[in-house]
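To start, the structure under review is shown below, and the notes come after it.
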Amino acid sequence: MKNIFKLWMVLFAFIAGASVITSCTKENEKPAAASSNPKADKIEPDSAKGGDVLTLTGSGLGEIQSVVFEKGSVPAPFNTVFNTDNALIFRVPDTANGGQQNIIITNKIGKQILVNFNVIALPVISTVSNYNFTGNTEITITGNNLADVTSVKFKGFNDNITIVSQTKKEMVIRMPANSTVPGAPLEITNATGPITTTQVFENLDMAYQIFTDGYGSDGWANNSWGPATISTTVSKSGTSSFAATYAKGNWSADGFSNWWPGLASKPEYQYLSFWVKGASQDYTLYLTADKRPKGYGNNDETTPLTIPANVWTYFKIPVSTAALWSTGNTLNTIGFWIKGPNDQDETFYFDDVIIVNQ
């Protein structure tokens, strides 16, 4: 038993000593020095997008001081811990410009190597000023990798969409005049390639209009329990919106009616779409319509709509969810009701209330 104990003590001392020797060796190890003749053999992968990790292998790669992507002179930060004589690890910067270019790598004594590389920087769409348009409407798109966009068109169509202005983060486009495109996603192409927007852009002139710059010409009118009118001071598209005021302490419904001929259900009607500008604080409105299961009024909570304060919010609701023709084939009233408001009268602005095919 004593012999076993002694053996364990010897092993422990050996392991501890080895650890100390290893630690000292690592601490004393000097980083690879900068070379007067650095050489790059391979970069993997040879194309990547912002944020991806790259590994450069070669010789004489010690003491690298900067890594810069040639287009736009975009620097790539890196950790010197991952820099040895034979390798350098770094990431493609999120701000790198797309396309084939050199990566310029400079060491401590100013020697440079150029590594050819392809940055994948497809257009990124974050927000758009509007999803609805008429002829010559200008729409602002924000996102990334927009400066080198060369083409914007409707997916599946050849209508010419004009690029008015563009920077890396923002692009303004002008929709074609007299377009017969009912609605389609946009296909946006830059030096890296094309992307297709997830959202469809709707042609107001081809949509069924309940309210745009005024009530739909097919017999639509105001059908509100409280004060409601056409506002010419606030709008999302065009020059007007529908201003609906909800009185303090009421559970009221404001909206639209079409008693004759009404809106008949059609198989091609796929979505109810509209913009709402919120009131002084966040509220929930509820969709209501006479042919929904609970009819038009203030007791149907099945389709709540969160309306942020003081900003325009876009809604596109599948007709199956909106249930506009659940109890009959002709819709006569549609609107929005609120629980309250409790603190004060509140006004919401509605614009581009339409039915669209896609």
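The values are calculated or read from the model by the stated rules, or taken from the named source; none is laboratory data. Since we're looking at a predicted model, the values are computed, not measured. Neighbour counts run over all protein chains shown; Cβ positions are idealised from the backbone, glycine included. Surface areas here come from the heavy atoms of the whole protein model, side chains and all, with no ligands, DNA or RNA. Shrake-Rupley method; radii C 1.70, N 1.55, O 1.52, S 1.80 Å.
Arrange the residues Ser280, Ser320 by how much accessible surface each exposes, largest first, with a 1.4 angstrom probe.
Ser320, Ser280
Under a plain spin-label model, where a point goes 7 Å from the Cα along Cα-to-Cβ, how far apart in nm are Lys316 and Glu138?
2.4
Given a 1.4 Å probe and heavy atoms of the protein chains only, how would you sort Lys168, Lys111, largest accessible area at the top?
Ranking Lys168, Lys111 by accessible area, largest first, yields Lys111, Lys168.
Mind checking the full-extension length gain between Ser47 and Ile163? Use 0.36 nm per residue of separation minus the Cα-Cα distance, one decimal, nm.
Extra length available between Ser47 and Ile163 comes to 39.0 nm.
Could you tell me what percent of the DSSP beta bridges with both partners in the chain are antiparallel, to the nearest 5?
Among the beta bridges of the chain, antiparallel pairing accounts for roughly 95 percent.
Give the accessible area for Ser265 in Å² (nearest 10); use a 1.4 Å probe, count only protein heavy atoms, and leave out ligands, DNA and RNA.
60
Based on alpha-carbon positions alone, could you give the equivalent ellipsoid semi-axes of the range 43-132 from the gyration tensor, as √(5λ), descending, whole Å?
29, 12, 11
Against the longest principal axis of the chain, how steep is helix 2-28, in degrees 0 to 90 to the nearest 10, with axes from Cα atoms?
Orientation of helix 2-28: about 80 degrees from the principal axis.
With every protein chain left in place, what is the accessible area of Asp290 in Å² (1.4 Å probe, nearest 10)?
The value for Asp290 is about 40 Å².
I'd like the distance between the alpha-carbon centres of the range 118-163 and the range 61-115, rounded to an integer number of Å.
32
Rank Thr306, Pro261, Ala243 by how far each Cα sits towards the positive end of the charge dipole of the range 238-358 (+1 on Lys, Arg Cβ; -1 on Asp, Glu Cβ) and give me just the farthest.
It is Pro261.
For the range 178-291, what is the convex hull (Cα atoms) projected area averaged across all directions, in square nanometres?
Result: 10.6 nm².
So if I take the centroid of the Cα atoms in the range 294-336 and the same for the range 228-287, what is the distance between those two points in Å?
Using only Cα atoms, the two centres lie 10 Å from each other.
Given a cut-off of 18 Å, what percent of all Cα-Cα pairs of the range 65-182 lie beyond it?
61
Give me the extension gain from Asp282 to Lys111: residue separation times 0.36 nm, minus the current Cα-Cα distance, reported in nm with one decimal. Mind showing how you got there, number by number?
Details: separation 171, 0.36 × 171 = 61.56 nm, distance 5.86 nm.
Between Asp282 and Lys111, full extension yields an extra 55.7 nm.
Are any of the pairs Lys169/Lys339; Lys49/Lys236; Lys71/Lys153; Lys248/Lys316; Lys49/Lys316 more than 30 Å apart by Cα-Cα distance, and if so, which?
Check vs 30 Å cut-off fails for Lys169/Lys339; Lys49/Lys236; Lys49/Lys316.
Provide the gained length on full extension for the span Thr57 to Thr229, in nm with one decimal, where the gain is 0.36 nm per separating residue minus the Cα-Cα distance.
55.0 nm
What are the aspartates and glutamates whose alpha-carbon lies under 19 Å from the alpha-carbon of Lys291, with same-chain residues fewer than 8 places away excluded?
Answer for Lys291, where 19 Å is the Cα cut-off: Asp218, Asp254, Glu268, Asp300, Glu301, listed by chain and number.
Note the listed values (i) 74, 55, 48; (ii) 65, 52, 36; (iii) 97, 66, 38, then indicate which one is Cα extents along the principal axes in Å calculated from this particular structure.
Evaluating Cα extents along the principal axes in Å on these atoms matches (iii).
Would you kindly give the portion of the calculated P(r) for the range 152-201 that falls above 16 Å, as a percent of all Cα pairs?
40
With every protein chain in place, what's the accessible area of Trp312 (1.4 Å probe, Å², nearest 10)?
The accessible area comes out at roughly 60 Å².
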